[in-house]
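Input: a single structure, listed below in structure tokens.
The values are calculated or read from the model by the stated rules, or taken from the named source; none is laboratory data. Computed from a predicted structure; not experimentally measured. Cβ sites come from the backbone with ideal geometry, for glycine too, and all protein chains shown count toward neighbours.
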Amino acid sequence: MGDGFSIAVLAGGFSSEREVSLKSGEAVERGLARAGYRATLVDVRSPDVPELSLPFDAFFIALHGKFGEDGTLQEMLESANLPYTGCGPEASRLAMDKPLSKECFIRNRVPTPPFFLFRKDDDSTALKSQGDRMGWPLVVKPPAEGSSVGVTIANDLSELEEGLQAVFARSDGALVEKYVRGRELNVGILGCAALPIVEVRPARGFYDYTAKYEDSGTEYLVNPELPDRLRGRVQAAGLAAFKAVGCRDFSRVDTILDERGRVHVLEVNTIPGFTEKSLLPKAARAAGISFEALCDRIVRFALARASAVHSTSENSGPS
């Protein structure tokens, strides 16, 4: 598969998701090696990333969170004309910024829970009326974090204020979203197609950082029991969200299916996890795509883009 191409797997970084990113990077390095690539894990420790000057054929981005997932690294690679995996700078920026991605969903009629933004210097006297109007409970999220870092559920004004203060410790603003009770269904996207659904059933009652990476009681149901019409609706919503943000190659879309059968898109993850618990590899495996084949396909997308750009440049040159 790999034809001996040299691939740098960029992982680590300096966001709150560094340790998870390193685990993803190690798994990708092993997967690419099994697929026939010469893979090298690069632990990104500084924003200048000196390893970008080394002669790799492509760069596999396994950096979760800020810098790796928000378009910054993608812009650096674009500027240097280096092939890399995943979404481009603008789609990465939009997906990472939850308020902006919610606006994309709304413009493109992708169903998503109602929300409001609250900044550190906003007047808090209207908080209770906003919560009452939207309906409790509410979910409080940092505007640009992944892996459910800093996410809390508020059942009343006191808990909302506590959640906001926790977010303000890392950000100047917070996204406050209507909590939707239902089944947590995740849609992996590969190329332009939706993969089999993976349902998450956290033992903790909420799929937070601990449930994702530390709680062995969290259940993952691949291809969960669903009527065909609902399955198709969930996958269609995931694909619509993917397109609304302008993604390419692969992503994972998180949704909630409520008790009335309505789909609510929560967010698009442009660099989802690649650990042994990660949802995209589980979905790919259910579609008959092994982990090494998944890594291979993702790299092939990047190499194909580079080849197309090179071919266009040659054809547009002086005759």
Filter result (part of a helix (DSSP H, G or I) and without any contact (Cβ under 8 Å) to a residue 60 or more places away in the chain) within segment 72-101: 72, 74, 75, 76, 77, 78, 79, 89, 93, 100
Selected residue [part of a helix (DSSP H, G or I), of a type in the set (A, V, I, L, M) and at pLDDT below 95] from 293, 308, 302: 308
Looking only at segment 17-51, and only at residues there that are more than 17 Å from residue 276 (Cβ to Cβ) and among the basic types (Lys, Arg), the one that is surrounded by the most Cβ atoms within 10 Å (Cβ to Cβ): 18
Segment 52-72, residues that are farther than 21 Å from residue 149 by Cα and crowded, with 16+ Cβ neighbours inside 10 Å: 52, 56, 57, 58, 59, 60
Residue check for residue 145: in contact (Cβ under 8 Å) with a residue 60 or more places away in the chain, in a loop (DSSP other than H, G, I, E, B) and not small (Gly, Ala, Ser): yes
Residue check, residue 14 in contact with a Pro (Cβ under 9 Å, 6 or more places away or on another chain) and either surrounded by fewer than 19 Cβ atoms within 10 Å (Cβ to Cβ) or on the phi > 0 side of the Ramachandran plot (or both): yes
Residue 71, sole failed condition from (1) over 15 Å from the mean Cα position of the chain (by Cα); (2) more than 21 Å from residue 304 (Cβ to Cβ); (3) small (Gly, Ala, Ser): (1)
Out of 255, 210, sole residue that is in a strand (DSSP E or B) and either at pLDDT 95 or above or of a type outside the set (Phe, Trp, Tyr) (or both): 255
Boolean, residue 225 is modelled with pLDDT of 95 or more and surrounded by fewer than 19 Cβ atoms within 10 Å (Cβ to Cβ): yes
Any hit, segment 124-141, residues being assigned by TED's automatic domain parsing to the domain that holds residue 38, hydrophobic (A, V, I, L, M, F, W, C), buried (at least 21 other Cβ atoms within 10 Å of the Cβ) and more than 20 Å from residue 308 (Cα to Cα): no
Residue count, segment 6-47 (criterion: of a type outside the set (S, T, N, Q) and in contact with a strand residue (DSSP E or B) (Cβ under 7 Å, 6 or more places away or on another chain)): 23
Matching residues, segment 1-29, being farther than 22 Å from residue 65 by Cα, outside any strand (DSSP E or B) and modelled with pLDDT of 95 or more: 5
Check on residue 155, over 25 Å from residue 19 (Cα atoms) and not assigned by TED's automatic domain parsing to the domain that holds residue 65: yes
